[in-house]
Amino acid sequence: MKSKKILGVVILAVLIVAMAFTFNAFKEKPVEGEKNITIEVVAEDKTSTVYEVDTDAEYLLGAMEDADGLTFEGEDGPYGMSVSTVNGVRADYTLDGAYWAFFVGEEYCNYGVSQQPVEDGDSFKIVYTLAE
Amino acid sequence: MISQKGKNAAFDVALVALMVAVIEVCKFAMIGLPNISLTAFWLVLFSKHFGNKVYYVVPVFTLLEGIVFGFNLWWISYLYAWPVLVLITRIFRHNDSAVIWAVISGIFGLSFGALCAIPYIFTAVDLKSGLAYAVSWWISGIPWDITHCVGNFVLMMLLYKPLGSVMQNLQKQIKH
């Protein structure tokens, strides 16, 4: 029984180390310094507003805060802010059956706004999207 | 005149309600601690000592969580994550080692982010993007999973023996 306990603890320790390694190897690394980026908001009626942003922010949330005229709201959670309202339009998955989809270039953002890194020249798109 | 069957049913309903209340009260008491809670600990203990009655605790607890915190995407993962823990506990129910339970609940804490990431696969514009998003979401939350794991492990090591014996006494009283 004692050897089973030791084996269990060892397995758990190995799993923790493996997870920590995975996190360090694959987490997005932020870029320091000034960046010029664009943020395009595509509303429910497909009208588009483009914001040219000069920012030192390392993550999209900071860049959105630096965008003149862009307003947004959301809820803070353990993984950062979850944006539910952009320019006064709410897209809540539960309440509206819709969400704000975030793209960098043509790719879907893999992180929430608090963790999505910003690089010079990035083009972000925030699109009102109906849940399928 | 209430039959014995009716009395037993009423007793079971009260017991399930009490178990859910214990989990929720502990959750609220520890809400300020990031990803550290007694939910896994109580589910393990209740599964072990009150057998099949815990199958009613999980849906009631999950429904209550939705009512209190909102039926958001994370709530969908509660529909299968907690039943997975209960199922594992039922499989290992004859084990009485605090260390083994601590390891099991630690591994569950470590896997929690991966389990909760599954619904995110279906939120993106296509399955490929959804999968990439779910994996990234899981990776970004790994520090929280490790916190969850360590919290579950330590709480189980500290509380399994003292509260386990309390549960055993309760179990005997219920049988009588």
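Read-outs: derived from the displayed coordinates by stated rules, not from any lab. As the structure is a prediction and not an experimental result, all values here were calculated from the model. Positions of Cβ are backbone-derived with ideal geometry, glycine not excepted, and every protein chain shown enters the neighbour counts.
Okay, here's what the table says:
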item: Globularity ratio of the protein assembly as shown, using Cα Rg and 2.2 N^0.38 Å; result: 1.19
item: Mean separation of Cα contacts under 8 Å, 6 or more apart, over the residue count of chain B: relative contact order %; result: 26
item: Partner chain coverage, peptide A:6-18 - average Cβ within 10 angstrom; result: 4
item: For the protein assembly as shown, size of Cβ-based charge dipole, Lys and Arg +1, Asp and Glu -1, in debye; result: 3400
item: Space enclosed by the convex hull of the alpha-carbon atoms of chain A, per residue, Å³; result: 147
item: The stretch B:4-175, dipole about Cα centre (Lys/Arg Cβ +1, Asp/Glu Cβ -1), debye to the nearest 20; result: 680
item: Prolate/oblate/rounded label for the stretch B:4-175 (Cα gyration tensor, a/c 1.5); result: prolate
item: Over chain A, relative contact order from alpha-carbon pairs under 8 Å, at least 6 apart, %; result: 27
item: Simple Cβ-charge dipole of the stretch B:91-176, Lys/Arg +1 and Asp/Glu -1, about Cα centre, in debye nearest 20; result: 380
item: Separation of alpha-carbon centers, the stretch A:42-69 and the stretch B:37-77, rounded to whole Å; result: 40
item: Enclosed volume per residue, in Å³, of the convex hull spanned by Cα atoms of the stretch B:78-121; result: 55
item: GNM top mover of B:Ser77, B:Ser97, B:Ser105 - chain B, alpha-carbon springs below 10 Å; result: B:Ser97
item: Residue among B:His49, B:Pro34, B:Val22 farthest towards the positive dipole end of the stretch B:4-175, charges placed on Cβ; result: B:His49
item: Additional length obtainable on full extension of the chain from B:Ser165 to B:Phe92, 0.36 nm per residue less Cα span; result: 24.5 nm
item: Cα lying deepest toward the dipole's positive end in the protein assembly as shown, options A:Val14, B:Thr147, B:Ile174, charges on Cβ; result: B:Ile174
